[in-house]
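Remarks on the structure that follows.
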Amino acid sequence: MKRKFVSVILTAAVVAGTLSAATVVSADSGEGKVINIYSWNDEFRQRLEAVYPEVESTSKDGTVTTLKDGTEIHWVINPNQDGVYQQKLDEALMNQADAADDDKVDIFLSETDYVNKYTDKDADVAIPLKDLGIDPDKDLADQYDFTKTTASDTDGVQRGSTWQCCPGTLVYRRDIAKDVFGTDDPEAVGEKLKDWDTTKATAEELKAKGYYTFSSYADTFRLYGNSIESSWVEPGSTTIKVDQKIMDWISDSKEWLDAGYLNKTVKGQWNDDWNKAMSSDSKVFAFLFPAWGIDFTLKPNWDGEDGAWAVTNPPQEYNWGGSYIHVATGTDNTEHAKDIILALTGNKDNLLKISKDYADFTNTKSGMQEAASDDAFASDFLGGQNPFEYFAPVAENIKIAPLSPYDQGCVELIQNAFSDYFQGNVEFDKAKSNFETAIMERYPEITEVQWPE
Amino acid sequence: MKTNSGKRVMSIFAHIVLILLSFMCLFFFAILLINATHSHAELQKGFSIIPGKHFLDNLRSVANDGSFPMFRGIINSVIVSGCSAALCTYFSSLTAYGIYAYDFKGKKVAFTFIMAILVMPTQVTAMGFLRLITKMGMYDSLLPLIIPSIASPAVFYFMYSYLQSSLPLSLVEAARIDGSGEFHTFNRIVLPIMKPAIAVQAIFTFVGSWNNYFVPALVIQSKNKMTVPILIATLRGADYMNFDMGKIYMMITVAIVPIIIVYLLLSKYIIAGVTLGGVKE
Amino acid sequence: MKKKKKNIDYGKWGLLFILPFFIAYLIFSLIPLIDTVRYSFFEYYRSGIKVVGPNFVGMKNYISLLKSDMFLYGKNTLILWLIGFVPQIVVALVLACWFTDLRMKIHGKQFFKVVIYLPNLIMASAFALLFFTMFSTNGPVNSILLSLGVLKAPIDFLGSVLGTRGLIGFMNFMMWFGNTTIMLMAAVMGVSVEVYEAADLDGCNGIQRFFYITLPMIRPILAYTLITSIIGGLQMFDVPQILTNGQGNPDRTSMTLIMFLNSHLKSKNYGMAGALSVYLFIISGILCFFVYRMTNDNDPDGSKKAAKKRAKEERRRARS
């Protein structure tokens, strides 16, 4: 009996081993046969499959995509949160020189929150696009300028490129709008949310009928946090300077939460409570999302009919997210990498297709202007509304906040530390010192945290 | 008479408490199992006690997700736990036998040393351990999760006290007279005698290793080498996974069900084994 | 002649048999330990993708740890452990007495034993994740309590200090009370029936029986349970780590010492992690000393004898 059990397990182990090793096919070009792409979800894979003409097929479990010439893309996926993705990526990049060709990182993605760390000139982990044979001024001329600045090092050398650009809007429930304001027309609703003061008055109206304006204080963070005047940490410095905008977010959030405009039970984002706030039982009126948020987050969490949500202008223009594609120094797949970057970030037709299929707001100025007035881009989920009408003007006005390599930790930990303050668990000063403790644990080199007066 | 009815009241009370405690222990598993049968949309509507129809859907989406290779993780866990249990029990028995049956210089010192390190938390050496295995080229492999189990002071102590109570040295002498080699004696005569103790410790080591999170989380980097606890832990933080709670419940189910099945099959031995450990005296 | 030679060989065999243990220990525990201690005197960490150090800084890491909230985390660890341990030992004692008392006529003993031991086998990380989803504000537990009418508004378990600590303690309790019960049961059953019979004859009631006979007799096992639990408590990590996502929320009140160590290990701060490890090593060394003392004091036969003596005295006293 026991022996049988053991042998079953052994067989299973052996079978699994052979399965994973059996599918290596050889390619004929001088390039490497395996392209390792590091990312935190399957967003990039879906887009690549949709528009990169060389794609042949993807394995059922989503880990390997085979190209027509036999080259395999291996997807290495690790979650973003809590810095896991970056740890794994850093580990791999540090071992890049010693790794076998097929184990090297070839392409990796980064988010706006930490893109700066990887475009760093001295670290030199991402190849300048020029060295790949891409001329940013010519090949990527139609991209929004701020995305190019974001992906460049301090000398202005572009070391990454993105297909998306993430102007934020406000998505609201039509039924709640009708109930409270008597109309669900995006123009009329937008008027009620045109700036923070007006929005506050509107929040009071919503509250009177038993609704929350937003789900949580984390929802509004990006509106403040991505419009900071100076970066969290100046280059070369070890001092964190907390921007006044962040302090405004803290005081406003406290006020809003205490006033009952936010749902107290939703603590932060990306958790079950937040997901539930997007369901039909919820009393939350609106969410602040860029295009990807609507498609990627709101849609799967909505359990009612299509057409229940609509898009309008947010109280303040903002940008949230953006995935940058980098080619790793030491890659043996430069040709493919160049191809992929051009196909995904510099080809208007491809980008428009991504916009149509995945509702991404893509990185093509002329394309997005066309989309704003093209009914083909209307969304069923939004009841036939064309969201690009609202995205496009926001995108024109985005001024990207100055970045630093510490942004992700700062953004994550400040929300975490002040969450206690909002919930009434700690005093304001304690929350401040908790942030200081946590940030210095995360980044040992940080010596001081300065708060604005 | 009075004491009898008092006893009866007490007995009923005891049963009620026991039922409540058992309910508490089973309640969470029941919810887990029920939720694993619901789709994300159903879970969004709030908890429902009636099982849903999405058990297989959820199982399929767990099985087909390459970025969370749950079944690969289970295989890894089985390999690590199985090998650890085997190495740990064999070498602990060997060490215990070495100290119990032989006289040599430094025997006392060796025994005292093992007893002294009995309580040292593994976390204390974690940092140096990590650097060492990196240098030895064992970073991101399953070996450093298995080999160190050769030195398990607690299991040694258990084996030692078991030997004290159940292996008469005369038996060893008799084997020697029969011309049996020392190693042969250990494998053919001593090990079979120690079977109950080995079985119990094998189970505990297996379970302990199956559930171990701290060390694997530091050592393992690549997806296809991850053990179950690391996969489970990444779920807590994963930003995109949370969109399917049904899948999350299913993953937890998949992670703990194998151990529960093994437990239910062997519960008699396991429960007897708990007491073998502490109360040997 | 021949026999003598063999005798010498036997000793060698013993050494040979214990060799693998010590080699494995040397490589995987002792060398790392020394390495850990060495780097505790260095500034050595990773900043992004660049490495800083190692630079010798003397006791700086130790001093800055003393100035940090380390003691607070020590206190947290202690509190979390107590919240779990106190109910665990009380419930386990009561259950052990009930199970062993034949006159209680407990039905389905085996079933209960199997069930209460079950949580002990569950992966702490899976268990914590399960609790995290179940006790979220809009999760199943609140949802059930609301629909039963027990609650009017959902409880924000993980948003309050008491709630979070309570949950961690509760989980530790659930995971360990079954184990402790079964251990104590065996100890109680080890007490000879005659002692109890004699006590009954002398008219001892249940409570007296418990305090004057059972408790003193199972003292060694209680000590064993206490010590193993303290050591386990010091190492508490999985449950609070996963329940609070490594942050020890709220207000870092559920941050344990090992979680603190882990956060340094995660940011690859080898110097600081080393110094913290040394502190932990000292603490566990002190605990180790107590274990050593305890096991020596409680030479099991000795204590049993003492207990028997005490019981006899009781009997005598009761008679006279």
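Extending 7 Å from the Cα toward the beta-carbon at both A:ASP175 and B:ILE193 defines two label points whose distance is 7.6 nm.
Dividing the convex hull volume of the alpha carbon atoms of the stretch B:113-157 by its residue count, what do you get in Å³ per residue? Cα-based convex hull of the stretch B:113-157, divided per residue, equals 79 Å³. Return the single residue from C:ILE168, C:ILE182, C:ILE144 with maximal mean-square fluctuation; model: Gaussian network over chain C, springs between Cα atoms under 10 Å. Highest fluctuation of the listed residues: C:ILE144. When the chymotrypsin sites (Phe, Trp or Tyr not before Pro) in the stretch A:143-207 are filtered for DSSP coil states and for at most 12 other beta-carbon atoms within 10 Å of their beta-carbon, no site remains.
Which number do you get for Rg(Cα) / (2.2 N^0.38 Å) in the stretch B:64-272? Spell out each step's value before the answer.
On the way: Rg = 20.2 Å, N = 209, 2.2 N^0.38 = 16.8 Å.
The reported ratio for this selection is 1.21.
P(r) tail for the stretch C:1-100, what percent of Cα pairs lie past 18 Å? Counting every Cα pair in the stretch C:1-100, those more than 18 Å apart make up 76 percent.
Say we join alpha carbon atoms closer than 10 Å with springs in a Gaussian network model of chain C; which of C:ALA96, C:ALA124, C:ALA186 then has the biggest fluctuation? Evaluated over chain C, the most mobile residue of the options is C:ALA186. Normalised by 2.2 N^0.38 Å, with N the number of residues, the alpha-carbon radius of gyration of the stretch A:317-453 equals 1.47.
Inter-label distance, C:SER147 to B:ASN224: 4.4 nm, where each label sits 7 Å from its Cα along the C-beta direction.
Suppose R0 equals 41 Å. What FRET efficiency, 1/(1 + (r/R0)^6) with r the Cβ-Cβ distance, do A:THR149 and A:GLU49 give to the nearest 0.05? Let's see the in-between values first.
Details: r = 29 Å, r/R0 = 0.71.
Given R0 = 41 Å and the Cβ-Cβ separation, E is 0.90.
Taking the inverse of the mean reciprocal distance over all distinct Cα pairs, the Kirkwood hydrodynamic radius of the stretch C:172-236 comes to 13.1 Å. Kirkwood radius and radius of gyration were both taken over the C-alpha atoms of chain A, and their ratio Rg/Rh is 0.99. Neighbour counting of Cβ atoms within 10 Å sorts the residues B:CYS25, B:CYS88, fewest neighbours leading, into B:CYS25, B:CYS88. Compactness of the protein assembly as shown, taken as the C-alpha radius of gyration over 2.2 N^0.38 Å, stands at 1.02.
Sequence gap at least 6, Cα distance under 8 Å: using those rules, report the relative contact order of the stretch B:1-129 to the nearest whole percent. Could you put the intermediate results ahead of the total?
Working: 35 pairs, mean separation 14.3, N = 129.
Averaging sequence separation for qualifying contacts and normalising by length gives 11 percent for the stretch B:1-129.
Given R₀ = 51 Å, what would the calculated FRET efficiency be for B:MET136 paired with A:ASP429, taking r from the Cβ atoms and rounding to 0.05? With R0 = 51 Å, the Cβ-Cβ based efficiency is 0.60. The spacing between the stretch B:35-76 and the stretch A:117-193, judged by their C-alpha centroids, is 34 Å.
Panel order for A:CYS410, B:CYS83, by other beta carbons found within 10 Å of each beta carbon, from fewest to most: B:CYS83, A:CYS410. Dimensions of chain C along the principal axes, based on C-alpha atoms and rounded to the nearest Å, stand at 88, 79, 35, largest first.
Under the convention that each Lys and Arg Cβ holds +1 and each Asp and Glu Cβ holds -1, the size of the dipole of chain C around its Cα centre is about 1160 debye.
Inter-label distance, A:GLU56 to A:ALA201: 6.4 nm, where each label sits 7 Å from its Cα along the C-beta direction. Of the trypsin sites (Lys or Arg not before Pro) in the stretch A:55-126, the ones in a loop by DSSP (not H, G, I, E or B) with at most 14 other beta carbons within 10 Å are A:LYS60, A:LYS68, A:LYS121. Charges were assigned to the Cβ only: +1 to each Lys and Arg, -1 to each Asp and Glu. The resulting dipole of the protein assembly as shown about its Cα centre is roughly 8340 debye. Between B:THR37, B:THR122, B:THR253, the Gaussian network model of chain B with springs among Cα atoms under 10 angstrom shows the greatest mean-square fluctuation at B:THR122.
Which one of A:LEU193, A:GLY236, C:MET171 is farthest out on the positive end of the charge dipole of the protein assembly as shown, using unit charges on Cβ (Lys, Arg +1; Asp, Glu -1) and the Cα centre as origin? Positive-most Cα among the choices belongs to C:MET171. Computed over the stretch B:64-272, relative contact order equals 37 percent, with contacts defined as Cα pairs under 8 Å that lie 6+ residues apart. Each of B:GLN123, B:SER149, B:LEU87 was placed along the dipole of the stretch B:64-272 (beta-carbon charges, centred on the mean Cα), and the one lying farthest toward the positive end is B:GLN123.
Report the relative contact order of chain C, percent, no decimals, based on alpha-carbon pairs under 8 angstrom and at least 6 residues apart. It would help to have the intermediate numbers written out before the result.
Working: 318 pairs, mean separation 89.0, N = 320.
Relative contact order of chain C: 28 percent.
State the Kirkwood hydrodynamic radius of the stretch A:44-114 in Å, one decimal place, computed from all pairs of distinct Cα atoms.
Values: mean 1/r = 0.0733 Å⁻¹.
Over the stretch A:44-114, the inverse of the mean reciprocal pair distance is 13.6 Å.
Across all directions, the average flat footprint of the convex hull enclosing the Cα atoms of the stretch C:174-294 is 10.1 nm².
How do B:PHE47, C:PHE111 rank when sorted from fewest to most other Cβ atoms within 10 Å of their own Cβ?
Details: B:PHE47 20, C:PHE111 12.
Starting with the residue having the fewest Cβ neighbours, the order is C:PHE111, B:PHE47.
Only the coordinates and a few stated rules stand behind these numbers; no lab work does. Computed from a predicted model, the values in this text were never measured in an experiment. Methodologically, a virtual Cβ is constructed for each residue, glycine included, from the backbone with ideal geometry; neighbour enumeration extends over all protein chains shown.
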